[in-house]
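Student: Mind looking over this structure? Questions follow.
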Amino acid sequence: MRFTVEAVIDAPLAGVWHAWTTPDDIRQWNAASADWHCPAAEIDLRPGGTFCYRMEARDGSAGFDFAGRFTRVVPYERIEYALGDERSVVVEFIAAGQGVIVRETVDAEPTHDVEQQRAGWLAILHNARQHAERGARVGPARPAGTQQITPFLWYDGQAEAAARCYVALLPDSRIDRVVRAPADHPAGSAGTVLTVEFTICGHRYVALNGGPRSPFTEAVSFQITCADQAAVDRLWDALSEGGSAGQCGWLKDRWGLSWQIVPARLHALLGDPDEARARRAMAAMLTMHKLDIAELERAADGA
């Protein structure tokens, strides 16, 4: 007998996948109730690779290893594994708008009540959802006292316009502070915008009006992973307006900054265990300007 649990997670596909496949993340959400926890997690995410998650009561009264081997891994799309008693589990990651549906289909244990099993798996899934959504809001936790790196982006007088464009397009984004020059300087006069501190997708940046001496080049670019084709189209159209299209999903915006707009599905295709599919997907990508999920899929399938 099999049962299914699922949840809609309001977070990017890449972040949800990371939460499911990274030991530090797994330890934070993998428990069905507050009186249990997961103090250790080991994972070798590949077909034939193994995993072992240590589950323990917080009072030390009980514990067990939740362990098995992976039978199929399709990055950003699907994980299948067999438990020690050969029961199988399938985890699907389905892009849904700006979020992800995670669906788990489980072979039930024959000696325990199925509804109790379903409730336990659903409780763990909801913990995972909350963890992934916290990560989407605040970004990955940083150890106390570590220095944060803030990229400085050099513009020729258009720093504020660029920053306002970016924050209008992306989630968890805002203008944090606009600093005006207190005196004349080589790139401008007193009272003009000197720097703009802003956040995009939870990460902090500073745009500097530094003058025309150091224009952007393709040597540095920002990659945006999109859940679906609609998001690719929206960001491509907005960022390339007044700029120029490049190969393989790259573009230059109207201020010369390079971006690569990538569907999450491309990561899965390029990492497909079937190397022939991955090669066909990459060959198709190399011919494209804006990336097209349907065309990439057709190429991978050999159609």
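Student: Hey, any hits in segment 256-264 for a residue that's modelled with pLDDT of 95 or more, assigned to a loop (DSSP other than H, G, I, E, B) and within 23 Å of the chain's Cα centre (by Cα)?
Tutor: Yes, that holds for at least one residue.
Student: Looking only at segment 200-213, which residues are surrounded by 11 or more Cβ atoms within 10 Å (Cβ to Cβ) and out of contact with any Pro (no Cβ under 6 Å at 6 or more places or on another chain)?
Tutor: Passing the criteria: I200, C201, G202, H203, R204, V206, A207, L208, N209, G210, G211.
Student: Let me ask another. From the residues in segment 233-252 that are under 17 Å from I200 (Cα atoms) and buried (at least 20 other Cβ atoms within 10 Å of the Cβ), which one is nearest to the chain's Cα centre (by Cα)?
Tutor: W236
Student: Across segment 289-303, what is the number of residues that are surrounded by 15 or more Cβ atoms within 10 Å (Cβ to Cβ) and either in contact (Cβ under 8 Å) with a residue 24 or more places away in the chain or of a type outside the set (D, E) (or both)?
Tutor: Residues meeting the conditions: 9.
Student: Taking the condition of being surrounded by 16 or more Cβ atoms within 10 Å (Cβ to Cβ), over 20 Å from I79 (Cα atoms) and touching a residue at least 60 places away in the same chain (Cβ under 8 Å), how many residues in segment 17-51 meet it?
Tutor: Residues meeting the conditions: 1.
Student: Let me ask you something else. What about L269, is it of a type in the set (A, V, I, L, M, F, W, C), crowded, with 16+ Cβ neighbours inside 10 Å and closer than 26 Å to L45 by Cα?
Tutor: yes
Student: Now, a different point. Which of the residues that make up segment 1-46 are among the acidic types (D, E) and in a helix (DSSP H, G or I)?
Tutor: Once the filter is applied, which keeps residues that are among the acidic types (D, E) and in a helix (DSSP H, G or I), segment 1-46 yields D24, D25.
Student: For segment 106-125, which positions are more than 28 Å from the chain's Cα centre (by Cα) and not in a helix (DSSP H, G or I)?
Tutor: First pass over segment 106-125, keeping only residues more than 28 Å from the chain's Cα centre (by Cα): 107-117.
Within segment 106-125, D107, A108, E109, P110, T111, H112, D113 meet the criteria.
Student: So, one more: What are the pairs, 6+ residues apart or on separate chains, where a residue within segment 63-75 that is part of a strand (DSSP E or B) and among the hydroxyl-bearing types (S, T, Y) has its Cβ under 9 Å from a residue that is surrounded by 14 or more Cβ atoms within 10 Å (Cβ to Cβ) and modelled with pLDDT of 95 or more?
Tutor: Here the result reads T71/E80; T71/Y81; T71/A82; T71/S88, each pair linking segment 63-75 to a residue that is surrounded by 14 or more Cβ atoms within 10 Å (Cβ to Cβ) and modelled with pLDDT of 95 or more.
The values are calculated or read from the model by the stated rules, or taken from the named source; none is laboratory data. Quick caveat: nothing in here was measured; it's all calculated off a predicted structure. Every residue, glycine as well, gets a Cβ built from its backbone with ideal geometry; the counts of neighbours run over all protein chains shown.
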